[in-house]
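Only one structure is covered here, and it is reproduced in the block below.
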Amino acid sequence: MCKVLRIPRSTYYYEVNKLSDREKEPPDEDVTEKIIHIFNTNRRCFGTRRIKIALDKQGLKVSRRRIGRIMKSKNLISTYTSLRYRAFPDRSNERNITNG
């Protein structure tokens, strides 16, 4: 077939694989709904890494970058804990203690 069309075999297989890769990728609408559902059911504290793990368990292959873009477009910002106090070193710990 490639001889008749006068195209290299590598070009043919490249195009075939490119089309099959698009079919494997789930559409944005389905992924967006699942990301929003996972985000809201987990008290709005899941970030891209944990959402990716949850989607992997459901059998969806989605990159963290794509998850981040969808979260940014839907204004999904995860909450995180901040440092409440800072520990200051004690002066007693600074003494040199000799082995006596």
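The values are calculated or read from the model by the stated rules, or taken from the named source; none is laboratory data. These numbers were taken from a predicted model, which means no experiment stands behind them. Glycine gets a Cβ as well: all are built from the backbone with ideal geometry, and neighbour counts include every protein chain shown.
Contact map, region 65-79: first residue within 17 Å of Glu29 (Cβ to Cβ) and exposed (fewer than 15 other Cβ atoms within 10 Å of the Cβ), second residue at pLDDT 95 or above and of a type outside the set (S, T, N, Q), Cβ cut-off under 9 Å, separation 6 or more or different chains; pairs are Lys74/Ile35; Lys74/Ile36; Lys74/Phe39.
Does Thr32 fit the bill of being modelled with pLDDT under 75, polar (S, T, N, Q) and either part of a helix (DSSP H, G or I) or out of contact with any helix residue (DSSP H, G or I) (no Cβ under 6 Å at 6 or more places or on another chain) (or both)? For Thr32, the condition - modelled with pLDDT under 75, polar (S, T, N, Q) and either part of a helix (DSSP H, G or I) or out of contact with any helix residue (DSSP H, G or I) (no Cβ under 6 Å at 6 or more places or on another chain) (or both) - is not met. Filtered by the rule that a residue be within 17 Å of Lys72 (Cα to Cα), in contact with a helix residue (DSSP H, G or I) (Cβ under 8 Å, 6 or more places away or on another chain) and not basic (Lys, Arg), region 42-57 gives Phe46, Thr48, Ile51.
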